[in-house]
Amino acid sequence: MKSRRKRKRGPGDPRLGGRIKALRDERGWSQAGLADKLGVTQTAVSYWEDGRIGLQSLRALAGIFGVGLEAMIPPPGARKAAER
């Protein structure tokens, strides 16, 4: 029998998570409310707001927020510039 290991999640991108939270807040949705709309758990939304999100989930969020995927993804090099 195979043992199940939890996948270790690395650090997320805080700018991406902040963008997700800002879009959710603009609409007046709670994490639980957004989770219900997408059929996921509130914990998943919390992970996303930490910037730990996959492309499929990011696409779903962009769709529900009515923005393009490019509006969700921080531009290359922006992280390094923000750390200076």
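The values are calculated or read from the model by the stated rules, or taken from the named source; none is laboratory data. The structure displayed is predicted, hence computed values, not measured ones. Backbone-built Cβ (ideal geometry, glycine too); neighbour counts: all protein chains shown.
Observations
- Those residues of region 15-45 which are small (G, A, S) and under 25 Å from P75 (Cβ atoms), in sequence order: G17, G18, A22
- Within region 45-70, the residues that satisfy the criterion of being farther than 15 Å from P14 by Cα and either in a helix (DSSP H, G or I) or charged (D, E, K, R) (or both) are L55, Q56, S57, R59, A60, L61, A62, G63, I64, F65, L69, E70.
- Residues located in region 32-60, provided they are surrounded by 18 or more Cβ atoms within 10 Å (Cβ to Cβ) and either touching a Ser or Thr at 6+ places or on another chain (Cβ under 8 Å) or touching a residue at least 60 places away in the same chain (Cβ under 8 Å) (or both): A35, W48
- Filtered residue count, region 25-44, keeping only those that are outside any loop (DSSP other than H, G, I, E, B) and more than 10 Å from the chain's Cα centre (by Cα): 12
- For region 50-84, the tally of residues that are at pLDDT 85 or above and touching an Asp or Glu at 6+ places or on another chain (Cβ under 8 Å) stands at 1.
- Scanning region 61-76 for residues being under 17 Å from W29 (Cα atoms) and in contact (Cβ under 8 Å) with a residue 24 or more places away in the chain gives a total of 4.
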